[in-house]
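Novice: Have a look at this one before I ask anything.
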Amino acid sequence: MLGGLCVKSFAAFNNGPIGLRSLAAPRPFQLVDQQPGRRSCGENRPRVIPTLASWDPGENEMRRTFGRRNAAAIAAGGVLASLVRSNRARAAVAADMAEPAPGLFVRVGVTEDATAANIDAIANIGFVVGREAVAVIDPGGSLADGLALRAAVLARTSLPIRYVIVTHIHPDHILGSPAFVQDKPVFIGHAALPGAIAERGAFYQTNMHTLLGDDGGAAVMPDRLVATTDTIDLGGRVLELRAHGPAHSGSDLTVMDRATSTLWAADLLFETRVPSLDGSVRGWLRELTALEATQAARVIPGHGPASMPWPDGVADVRRYLQTLAGDVRKVLDSGGELEDAVSVAAQTERGRWQLFDDYNPHNIAHAVHELEWENPL
Amino acid sequence: MKRALWTALAVLLLAPAARAADEDAAEQAQRWELIHNAAFADRVLQDAGDAVQIAAPDRALDAALVPITIKLDPSKHIVTLSLFVDNNPSPLVGVFHFGSAISTDQIKTRVRVDAFTLIHAVAETADGQFLTASHYVKAAGGCSAPSSGQSAEILARIGKMQLRRERPLEGAAIPAQLLISHPNYNGMQMGVSGTNLIPARYLENVSVKTGGVTVFELESSISLSEDPSIGFTYTPAGDGAVEIVAQDSTGAVFKRHFDPLTN
């Protein structure tokens, strides 16, 4: 998803008044909710709060983990500390997982924007089990979401969670990170991820805290960075990691599980939910073409079903992006600008995607901004 | 009113805007009175009626990139136009000082919007009237929101300009869009180090002339979007070329010459 949850539920991108009416804008860099008792969305719906009985890193662990890290992570420490105090005794409910390939598990996200009721479990997240260790691929959209995923791991294996791979900066993929800190995994991300966390981490956390309180979660700085490609070995099962240029976001990472010929494309691939653009429309099209050369039996999209035959889905995303870029260029070439693009760009895609009107306008703004500087005279 | 206005309005940085979603008409009026007093002191402002009209999308596409169009009645002899985003930490977007080469039919720009807010335009006429119009915009987070993620590209092309113009009919005024690449850092965005806010660095002055005749001078601020865009209409003078000089808050000066359009 996009800078994410964003749009409706977050004041950040504001695509619609629904979530915003009750949310209001956070003041810049204020890391505590001014009205802690207040819930913005779905406040009258039952809240699922899966947390883990054994969750207690202790103050020293907190310091080790966050003390040397950046402001965003320090803020997360505060979130964690209060979580520990308030939720220590509660048990996590394991997330429902699909197993599209042996030992590869996917929790399918709902096609909604983040709300308190859905705990931002809106992205496809999961894990891969090798002979010796487990790698989590995207820790989830909130601490609550991450704890539910962690419970699902523990329900299936006693092998250690040695790696947490974060496919990109967006909150629905990254904010569950603190749920796994207790496992002392190696957090892996794109070489551009630390910068993105520094720029946006606090902003995303603040907004999710507004929505979910202490269950909101935080970004954790990666320990290991991927600039081009890398591999990790889970014991008889090697995962190939690949860093992409600016595409869906500025920090996209994909994962190839050779053992089952499964490509975890994360948010380079959307199905059903309209793609959200927060990197480069031209770059995304380039990366799709490069990715298409990958041999794989199936693919895990960042949003959509648990898996699809590869390369299903690529054509849809490509068509959307080409239509968006083509329509925006037409507007710019005929002397139009942002306002003129809004009512026309990618309108032929309406009806093919869910949440279209929540994301397409922001995608247009992003594409106009990018493409009007494409060929400066 | 030039610099004094900015100094007065800086005070508003310290006055937090109401949480916009909860804001009612009384709070809006109170906020505007604060701005009005700071910016125009004892001036009497009149409702502009049809003379000044603000257009903006009902639902903002992107709160950091909200397009605003101010339609003006050319017969009113407007000499300055001030634009405010009331609930922004720094409400004054900018003041346009019009020269004789401008057609005062409309001005367009893109602004950051931090919270649901009224946008105000105040047009000063040659005979000393101050005409105001307002428009409500539903957008939020545009000030503290991270930059578009294109920061590296923008810094690499900082100061580059485009002047997008329509081919004129013989002797007619030319609608134009000026794009100036600049991050317009507002001092509220976190840097990639994560430990410091990126210091404010924004366009302070933009001067547009044609054949030596002023089209407009803009004093601008942090509420202008990244890669600022300004739409205006001008009547070519002299050789018809357009000269742009922009200066940012670090003192950096960016200049660009655009040849006259030929039919």
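Novice: In Å³ and rounded to a whole number, note down the convex hull volume per residue for the Cα atoms of region A:317-377.
Specialist: Residue-normalised Cα hull volume stands at 73 Å³.
Novice: With a 1.4 Å probe and all protein chains kept in place, how much accessible area does B:Tyr202 have, in Å² rounded to the nearest 10?
Specialist: B:Tyr202 exposes around 50 Å² with every protein chain in place.
Novice: If you don't mind, another one. Calculate one ³J(HN,Hα) per residue across region A:340-354 by plugging θ = phi - 60° into the Karplus curve 6.51 cos²θ - 1.76 cosθ + 1.60, and present them in order as whole Hz with x for glycine and proline.
Specialist: Once θ is set to phi - 60°, the couplings for region A:340-354 become 6, 6, 4, 7, 10, 5, 6, 5, 5, 8, 4, x, 8, 9, 8 Hz.
Novice: Next up: When DSSP beta bridges are limited to those with both residues in region B:2-258, what percentage is antiparallel, rounded to the nearest 5?
Specialist: Antiparallel bridges: around 95 percent, rounded to the nearest 5.
Novice: Between region A:263-309 and region A:226-248, what's the alpha-carbon centroid distance in Å?
Specialist: Centre-to-centre (Cα) distance: 15 Å.
Novice: A further question follows. Other chains near B:54-67: what is the mean number of their Cβ atoms within 10 Å of each residue's Cβ?
Specialist: For peptide B:54-67, the averaged partner shielding equals 6.
Novice: Let a ≥ b ≥ c be the square roots of the eigenvalues of the Cα gyration tensor of region B:2-258; is it rounded (a/c under 1.5), or, if not, prolate (a/b larger than b/c) or oblate?
Specialist: Oblate, because a/c is 1.5 or more while a/b does not exceed b/c.
Novice: List the relative contact order of region A:317-377 as a percent without decimals, with contacts defined as Cα pairs under 8 Å and 6+ residues apart.
Specialist: 43 percent.
Novice: Can I ask one more? Between region B:210-263 and region B:35-102, what's the alpha-carbon centroid distance in Å?
Specialist: Cα centroid of region B:210-263 versus Cα centroid of region B:35-102: 19 Å apart.
Novice: Across the residues of B:133-140, average count of Cβ atoms on other protein chains within 10 Å?
Specialist: Other-chain Cβ atoms within 10 Å of each residue's Cβ, averaged: 3.
Novice: Convert each backbone phi in region B:240-251 into a coupling constant with the Karplus relation 6.51 cos²θ - 1.76 cosθ + 1.60 (shift: θ = phi - 60°), then list the ³J(HN,Hα) values in order as whole Hz, x for Gly and Pro.
Specialist: x, 5, 10, 10, 10, 10, 10, 10, 9, 6, 8, x
Novice: Based solely on its DSSP helices, what 222 nm [θ] is calculated for chain B when runs of n ≥ 4 H residues each add -39,500 (n - 2.57) and the sum is averaged over all residues, nearest 500 deg cm²/dmol? Please list the in-between numbers first.
Specialist: Numbers: 3 runs with 31 residues, N = 263.
Here the helix-only value at 222 nm equals -3500 deg cm²/dmol.
Novice: Taking square-rooted eigenvalues a ≥ b ≥ c of the alpha carbon gyration tensor, is region A:116-201 rounded, prolate or oblate, where a/c under 1.5 means rounded and, failing that, a/b exceeding b/c means prolate?
Specialist: oblate
Novice: Among the listed pairs B:Lys76/B:Lys138; A:Lys330/B:Lys76; B:Lys138/B:Lys209; B:Lys71/B:Lys138; B:Lys138/B:Lys160; B:Lys108/B:Lys160, which have their C-alpha atoms separated by more than 25 angstrom in this model?
Specialist: Numbers: B:Lys76/B:Lys138 30 Å; A:Lys330/B:Lys76 36 Å; B:Lys138/B:Lys209 35 Å; B:Lys71/B:Lys138 20 Å; B:Lys138/B:Lys160 31 Å; B:Lys108/B:Lys160 19 Å.
Cα-Cα > 25 Å for B:Lys76/B:Lys138; A:Lys330/B:Lys76; B:Lys138/B:Lys209; B:Lys138/B:Lys160; rest within.
Novice: With an 8 Å Cα cut-off and a minimum separation of 6 or more residues, compute the relative contact order for region B:180-222 in percent.
Specialist: Working: 66 pairs, mean separation 14.0, N = 43.
Relative contact order, region B:180-222: 33 percent.
The values are calculated or read from the model by the stated rules, or taken from the named source; none is laboratory data. Because the structure is a prediction, the values reported are computed rather than measured. Heads up, the Cβs are rebuilt from the backbone with ideal geometry, glycines too, and the neighbour counts pull from every protein chain shown. Just so you know, the surface numbers come from the protein's heavy atoms only, side chains and all, with ligands and any DNA or RNA stripped out. Shrake-Rupley method; radii C 1.70, N 1.55, O 1.52, S 1.80 Å.
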